[in-house]
Amino acid sequence: MAIIEENTSTEKRSLSFVEQQVEKDLAEGKNNGKIQTRFPPEPNGYLHIGHAKAICMDFGVAARYGGICNLRFDDTNPIKEDTEYIESIEHDIKWLGFKWANVYYASDYFQELWDFAVWLIQQGRAYVDEQSAELIAQQKGTTTSPGTNSPFRDRPVEENLRLFEYMNSGEATPGSMVLRAKIDMSHPNMLFRDPLIYRILNIPHIRTGNKWNAYPMYDFTHGQCDYLEGVTHSLCTLEFVEHRPLYDLFVTWMKEYKGETENIEDNRPRQTEFNKLNLTYTLMSKRNLLALVNEGLVSGWDDPRMPTICGFRRRGYSPESINRFIDKIGYTTYDALNEMALLESAVRDDLNSRSIRVSAVLDPVRVVITNYPEGQVETMTAVNNPENESDGTHEVEFSRELWIERDDFMEVAEKKFMRLAPGKEVRLKNAYIIKCNEEHPCDKDADGRVTTIYCTYDPDSRSGLPGSNRKIKGKTLHWVNCAHAVKAEVRLYDRLWKVENPRDELAALREQQQCDAVTAMKQLINPDSLSILTDCYVEPYAASMRPGVYLQFQRIGYFMADPDTTADHPVFNKTVGLKDTWSKQKK
């Protein structure tokens, strides 16, 4: 479903049920053959990967069928909204590879929505209710019993108009009164039982200032904004299925208010619902994500353990990998829990084709090549990306003393150990074959920990020379030169949550312990979700990289420089390993 500018794939794909509905509407001449969608986030938090699925659908349908997609901020609740979130949302959409036709705000329509509400009062279709929220809820009835009419349901039109104006005066107390649509208190759909359409907040708005003190509710705003903008297809997630009849009713009333009663069914926005994106070991409620940030349980919205778009970006995910993952899981009319490993597989496949290969040693142990000339330095050529020749090469320095990974050496090795051990040979990537000394293979400290490994090298085995084709049983190891390597900090990330379905586990724990969300979350967070290694070494070329460049630490995994990086202190985040080790751990 994702359509991004650089995606030139001609691979055939089946149409989603949403696309099939769009094609049916086009074939029937609905909306005069026009396609217009919108992505309507509320600016009360940062976008997460669940929003990315909606973005791919909203922008993808418009692009596929020659239409437009607008970005519209649902800014009807000034209590939680901030320009910080608006800016981050715009940044994330652009990073994902999409372009909107126009930027709108629900607040652009506040005056028109107010005038429409006044018309509904004049038509006898809305009234001001002065009951408490608790009483209104009690009077709604149940799914098996009808509701009870409010005692204010039949108050005169003039009194309703006066009170509605008072609601916006700044003098009315929040919660003291609401405006309700007059529909049917016995309707089988509970949403039709005189829903609230305006409430008092008395809070300045980030765009309209103090002009409004009464604000429209979401159900009253959403469909009208779609209609006023010319949206043809309102694509939503499944929780809005029950809201669709109310959406359609309010749009019909709006068309009547506008005097546009001809072809009501052929020229109106159509709401279609698809399943949300749910991932294992992931919690995507903005309310809970905000709690994680505010309680300091993560470092911020862009913490690489967070499921936010900015968190994935900081961790080193590519926008293409996210889009292709969403393509892979598709769109249905039922909810499912997708494996995080499937997302990581999509990331791994994508980064393999675009990452620059560099050497880094995360748990270093020194190797001394005893027959290599002291003071000599050779320059080796390393291919940046074997998957893309145009990425070129870079140079690495080789000398007598090197760092290798500690687990690439065993003093007493089992037969199948194909790395460095006494008497065994290995090839050093882009360099020589070395052999570990048998008589004195290593030095150790007082605790028995290996500090130095002693080897010799074969001068005729340099990569690229005729003698370099000599076959050995040992593996090819990565390394960095002790004299030139740069010390670095490396951050390794694991699942933020210990449980596969933190959403359900969190709800169950709160009910069981009668505790708040933060107390429950602290019990479910994985204490090993972040490991910080401070004694790592990377080659100078890797140390020169900045955030946004995709790297593969050879034989380890995919990494990206973190924004905390400075000229003298490089910091790298692990994006994902070269292989899926998590699935094996679960078994």
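Carbon and sulfur atoms: what percent of the 1.4 Å accessible area of the chain do they account for?
With neighbouring chains kept in place, the figure for the chain is 47 percent.
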Calculate one ³J(HN,Hα) per residue across region 243-253 by plugging θ = phi - 60° into the Karplus curve 6.51 cos²θ - 1.76 cosθ + 1.60, and present them in order as whole Hz with x for glycine and proline.
7, 4, x, 5, 3, 5, 5, 4, 5, 4, 5
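With viscosity set to 0.692 mPa s at 37 °C, what whole-number translational diffusion coefficient in µm²/s follows for region 74-145 from Stokes-Einstein and a Kirkwood radius over Cα pairs? Mind dumping the intermediate values first?
Values: Rh = 16.4 Å.
Stokes-Einstein gives a translational diffusion coefficient of 201 µm²/s.
In terms of the ratio Rg/(2.2 N^0.38 Å) built on C-alpha atoms, what value belongs to region 407-527?
On the way: Rg = 24.0 Å, N = 121, 2.2 N^0.38 = 13.6 Å.
The value comes to 1.76.
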At 0.36 nm per residue, minus the direct Cα-Cα distance, what do residue 366 and residue 119 gain on full extension? Give it in nm, one decimal, please.
80.8 nm
Sorted on mean Cβ neighbours within 10 Å (highest first), peptides 521-527, 63-69, 306-312 come out as 306-312, 63-69, 521-527
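Give me the percent of Cα-Cα pairs in region 39-107 that sit more than 18 Å apart, rounded to a whole number. Show your work: numbers first, answer last.
Working: 765 of 2346 pairs.
Tail of the P(r) past 18 Å holds 33 percent of the pairs.
Report the gain in length on full extension from residue 338 to residue 291: 0.36 nm times residue separation, minus Cα-Cα distance, nm rounded to one decimal.
Numbers: separation 47, 0.36 × 47 = 16.92 nm, distance 2.40 nm.
So the chain would gain 14.5 nm between residue 338 and residue 291.
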Taking max minus min of the Cα coordinates of the chain on each principal axis, largest first, gives extents in Å of 103, 54, 43
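Quick check on region 189-238: what are the equivalent-ellipsoid semi-axes from the Cα gyration tensor, as sqrt(5λ), descending, whole Å? Can you show the working numbers first?
Numbers: eigenvalues 110, 60, 15 Å².
One finds semi-axes of 23, 17, 9 Å for region 189-238.
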Derived scalar couplings ³J(HN,Hα) [region 482-492; Karplus, 6.51 cos²θ - 1.76 cosθ + 1.60; whole Hz; x for Gly, Pro]:
4, 6, 10, 4, 10, 5, 9, 9, 10, 10, 9
In nm, give the distance between the simple-model label positions of residue 328 and residue 475, each being 7 Å from the Cα along the Cα-to-Cβ direction.
2.4
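As an exercise, identify the GluC sites (Glu not before Pro) in region 132-176 lying in DSSP coil whose Cβ has no more than 16 other Cβ atoms within 10 Å.
Details: sites: 134, 158, 159, 165, 171; in loops: 171.
Taking region 132-176 and a limit of 16 other Cβ atoms within 10 Å, the loop GluC sites (Glu not before Pro) found are 171.
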Projected onto their principal axes, the Cα atoms of region 8-124 stretch, largest extent first, over whole-Å spans of 52, 38, 21
Starting from a Cα-only point model with no solvent, please compute log10 I(q)/I(0) by Debye for region 320-406 at q = 0.11, 0.25 1/Å.
-0.56, -1.18
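Counting only helical runs of four or more DSSP H residues, what would the 222 nm mean residue ellipticity of the chain come to if each run contributes -39,500 (n - 2.57) and the total is spread over all its residues?
On the way: 16 runs with 168 residues, N = 587.
Roughly -8500 deg cm²/dmol at 222 nm, from the helical runs in the chain.
With charges only on Cβ, +1 for K and R and -1 for D and E, what is the dipole size of region 229-318 about its Cα centre, in debye, rounded to 20?
Working: 12 positive and 13 negative charges, 128 e Å.
So the dipole magnitude of region 229-318 works out to roughly 620 debye.
I'd like the per residue volume of the convex hull spanned by the Cα atoms of region 268-391, given in cubic angstrom. Can you show the working numbers first?
Values: hull volume 24.6 nm³, N = 124.
Dividing the Cα hull volume of region 268-391 by its residues yields 199 Å³.
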Using θ = phi - 60° and the Karplus curve 6.51 cos²θ - 1.76 cosθ + 1.60, what whole-Hz ³J(HN,Hα) does each residue of region 424-439 get, with Gly and Pro shown as x?
9, 9, 9, 9, 8, 3, 6, 9, 10, 8, 10, 10, 6, 4, 8, 6
Total charge dipole magnitude, the chain, about the Cα centre, Cβ charges on Lys, Arg, Asp, Glu only, Debye to nearest 20:
1420
Quick one: work out the % antiparallel among DSSP beta bridges in the chain, nearest 5.
65
Hey, rough spin-label estimate for residue 241 and residue 299, points 7 angstrom out along Cα→Cβ, what's it come to in nanometres?
4.2
Enumerate the amide H contacts of residue 217 below 5 Å, restricted to partners 5 or more residues apart or on another chain; note that Pro and chain-start residues carry no placed amide H.
198, 199
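With every protein chain kept in place and ligands, DNA and RNA left out, what is the accessible area per residue of the chain? Probe 1.4 Å, answer in Å². Write down the numbers at each step before the final one.
Values: 26530 Å² over 587 residues.
Accessible surface, normalised per residue, equals 45 Å².
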Across region 466-587, how large is the tail of the calculated P(r) beyond 21 Å, expressed as a percent of all Cα pairs?
57
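Working from the pairwise distances between different alpha carbons, so that the mean of 1/r is found and then inverted, what is region 235-287's Kirkwood radius in Å? Walk me through the intermediate numbers first.
On the way: mean 1/r = 0.0750 Å⁻¹.
With all distinct Cα pairs of region 235-287 included, I get 13.3 Å.
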Span per principal axis, largest first, for the Cα atoms of region 231-326 (Å):
54, 31, 22
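The values are calculated or read from the model by the stated rules, or taken from the named source; none is laboratory data. Owing to the predicted nature of the structure, the values given are computational and were not obtained by experimental measurement. When we count neighbours, we look across all protein chains shown, and the Cβ atoms used for this are built from the backbone with ideal geometry, even at glycine. These area figures cover heavy atoms from the full protein model, side chains too; ligands, DNA and RNA do not enter into them. Shrake-Rupley method; radii C 1.70, N 1.55, O 1.52, S 1.80 Å.
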